[in-house]
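The values are calculated or read from the model by the stated rules, or taken from the named source; none is laboratory data. Just so you know, these numbers come straight off a predicted model, no measurement behind them. Cβ placement follows ideal geometry from the backbone for every residue including glycine, while neighbour counts extend to all protein chains displayed.
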Amino acid sequence: MRKAFISPSKYVQGEDELLNLGFYIQSLGNSALIIGKTEDIDRVQDKLDKTAEKFKVKLHRAEFGGEATREEVDRLKKLAEEKGTDVIVGLGGGKALDTSKVVANGHNNIICPTIAAQDAPTSHSAVLYTSDHQFDDYAYFSKNPDVVLMDTTVIAQAPSRFLVAGMGDTLATYYEARATRQSNANVNAGLPNGYHTGATGPAKGTIAAMTLAKKSLEVILAKGYNAKIAADNNIVTPALEDIVEANTLLSGLGFESAGLAASHAIYNGLTVLDGPGNYYHGEQVAFTTFVQLVLENAPTSEIEELLTFSLSVGLPVSLADLDVKEVKYDEILEVAKKATIPEESIHSMPFEITVESVAQAIIAADAIGRDFKERKNTK
Ligand SMILES: [Zn+2]
């Protein structure tokens with residue numbers, strides 16, 4: 001059986017770690033294009049100046065327009081050529097990081113998240129959007145980023161809602177990996193590389209990736225609440241450090257090399273409703289993970305463990321929590337239809353998937369979540 005495991009060349013995490021960015025740039029070249037939103041670069045400009053001076057590298061700011069479009073990628077590619085930079089650095093949140101990956105296209109790429117809100121930083125893929133913010137395409141590269149650098153001081157200073165959203169994204173990782181393993185489905189780590197095909201082919205997950213996925217859930221359940229309190233107070237504690245690692249490294253390697261299943265497909269389906277779009281990826285994924293558990297007939301104890309945790313950190317447990325005012329069966333059927341298109345990861349579940357079974361799981365999960373919350377509130 002063919003198996004694959006992929007990862008960035010280096011993951012480094014620590015307080016004020018951005019002060020070492022120059023060192024990593026220097027290991028790849030002499031200069032870098034820093035792709036980030038103006039406010040995100042401004043937040044860390046002082047550290048960028050210091051590291052550039054210390055390691056004698058040249059940093060060029062490239063203000064990111066805000067959307068990961070093909071036009072934005074072309075504009076930034078030209079800028080990198082004009083400046084003759086050796087390294088592409090992505091700095092900030094998901095879209096700036098993804099854009100930097102597409103600009104770098106598998107070469108000399110350093111990723112510096114300023115929040116830990118989802119698990120994409122370590123991956124060898126990016127999502128492209130159109131200028132009116134609609135999904136365009138996935139892009140895959142010949143390798144993962146060279147360095148993923150997490151400055152925990154910067155991450156702790158961001159609003160805690162980001163860190164909590166990252167925990168929501170991480171909740172999905174183990175359950176999706178478990179389903180993928182049960183069905184012996186393929187994982188992203190074996191996808192064809194870049195824009196060309198044939199370089200590699202389908203592959204199954206490894207024991208290594210499954211172990212990391214399982215650990216990510218354990219860490220979230222054990223340390224998530226304490227980490228949220230640390231983030232509320234903008235301080236770095238051991239619990240916050242553990243959650244930054246779980247949200248980014250454990251979950252990132254876990255989803256990419258151990259597989260996606262129902263949760264992320266139903267998340268994609270939710271885009272047909274109006275309310276959920278007001279919430280972060282990880283906040284929606286927390287709810288769709290719980291839908292996956294209902295769909296796979298998980299025991300009440302497992303479902304309630306997830307709900308108890310979600311309520312403790314303020315993650316959504318129902319559609320009402322995602323601003324869906326009224327649950328209409330016809331609309332939920334549309335969500336389920338989008339979630340079950342042939343390309344979707346939901347078909348990695350170890351049983352047959354129908355539109356109706358997914359719609360009913362969404363409705364049941366919503367009802368269970370509302371009931372659970374009410375019982376907790378009236379206690
Ligand atoms: Zn995700």
Legend entry - Which listed residue is modelled with pLDDT under 95 and not assigned by TED's automatic domain parsing to the domain that holds residue 117, from 302, 343: 343
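Residues checked against (1) within 16 Å of the ligand (Cβ to nearest atom); (2) more than 21 Å from residue 153 (Cβ to Cβ); (3) among the aliphatic types (A, V, I, L, M); (4) not in a helix (DSSP H, G or I):
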| position | (1), (2), (3), (4) |
| --- | --- |
| 249 | yes, no, yes, no |
| 260 | yes, yes, yes, yes |
| 264 | yes, yes, no, no |
| 269 | yes, yes, no, no |
Legend entry - Enumeration of residues in region 238-247 that are more than 13 Å from the ligand (Cβ to nearest atom) and surrounded by 23 or more Cβ atoms within 10 Å (Cβ to Cβ): 240, 243, 244, 246
Legend entry - Top-ranked residue of region 279-303 - restricted to ones that are among the β-branched types (Val, Ile, Thr) and away from the ligand (no atom under 11 Å from the Cβ), ranked as nearest to residue 321 (Cα to Cα): 291
Legend entry - Members of region 16-39 that are touching a residue at least 60 places away in the same chain (Cβ under 8 Å) and under 16 Å from residue 115 (Cβ atoms): 17, 18, 35, 36
Inset, instruction - Take residue 18 and decide whether it is over 26 Å from residue 187 (Cα atoms), among the aliphatic types (A, V, I, L, M) and assigned to a loop (DSSP other than H, G, I, E, B). - result: no
Inset, instruction - Run down 127, 148, 164 and say which single residue is in contact with a strand residue (DSSP E or B) (Cβ under 8 Å, 6 or more places away or on another chain) and surrounded by 24 or more Cβ atoms within 10 Å (Cβ to Cβ). - result: 148
Inset, instruction - Working carefully through the options 232, 169, find the one that is in the same structural domain as residue 295 (by TED's automatic domain parsing) and more than 16 Å from the ligand (Cβ to nearest atom). - result: 232
Inset, instruction - Can you confirm whether region 205-228 contains a residue that is away from the ligand (no atom under 16 Å from the Cβ) and not in a helix (DSSP H, G or I)? - result: yes
Legend entry - region 290-329, residues that are β-branched (Val, Ile, Thr), closer than 18 Å to residue 377 by Cα and part of a loop (DSSP other than H, G, I, E, B): 317
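Every residue, every condition in (1) charged (D, E, K, R); (2) touching a Leu at 6+ places or on another chain (Cβ under 9 Å); (3) closer than 28 Å to residue 138 by Cα, yes or no:
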{"position": "26", "(1), (2), (3)": "no, no, no"}
{"position": "47", "(1), (2), (3)": "yes, yes, no"}
{"position": "50", "(1), (2), (3)": "yes, yes, no"}
{"position": "59", "(1), (2), (3)": "no, yes, no"}
{"position": "70", "(1), (2), (3)": "yes, yes, yes"}
Inset, instruction - Could you list all residues from region 198-253 that are polar (S, T, N, Q) and farther than 18 Å from residue 120 by Cβ? - result: 200, 206, 211, 226, 233, 234, 237
Legend entry - Unmet requirement for residue 101, which otherwise passes all of (1) more than 30 Å from residue 302 (Cβ to Cβ); (2) within 16 Å of the ligand (Cβ to nearest atom); (3) at pLDDT below 95; (4) not aliphatic (A, V, I, L, M): (3)
Inset, instruction - Answer with yes or no whether residue 62 is crowded, with 22+ Cβ neighbours inside 10 Å, small (Gly, Ala, Ser) and modelled with pLDDT of 95 or more. - result: yes
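Which residue out of 10, 3 is modelled with pLDDT under 95 and surrounded by fewer than 20 Cβ atoms within 10 Å (Cβ to Cβ)? Before you say what the answer is, go through the steps one by one.
Details: 10 fails: modelled with pLDDT under 95.
The conditions single out 3.
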Inset, instruction - Of the numbered conditions (1) surrounded by fewer than 24 Cβ atoms within 10 Å (Cβ to Cβ); (2) assigned to a helix (DSSP H, G or I), residue 235 fails exactly one; give the number of that condition. - result: (2)
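When you scan region 267-279, how many residues do you find that are buried (at least 21 other Cβ atoms within 10 Å of the Cβ) and touching a Lys or Arg at 6+ places or on another chain (Cβ under 9 Å)?
To start, the set of residues in region 267-279 that are buried (at least 21 other Cβ atoms within 10 Å of the Cβ) comprises 267, 269-270, 276, 279.
Filter once more, so that each one left must be touching a Lys or Arg at 6+ places or on another chain (Cβ under 9 Å): 269-270.
Result for region 267-279: 2.
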Legend entry - Cβ pairs under 9 Å, 6+ apart, first in region 322-341 and free of Cβ contacts under 8 Å to residues at least 60 places away in the same chain, second aromatic (Phe, Trp, Tyr) and not in a helix (DSSP H, G or I): 322/279; 323/279
Inset, instruction - Being over 17 Å from residue 281 (Cα atoms) and among the polar types (S, T, N, Q) is the filter; apply it to region 130-145 and report the residue that is surrounded by the fewest Cβ atoms within 10 Å (Cβ to Cβ). - result: 131
Inset, instruction - Spot the failing condition for residue 274; the list is (1) within 13 Å of the ligand (Cβ to nearest atom); (2) in a loop (DSSP other than H, G, I, E, B), and only one is missed. - result: (1)
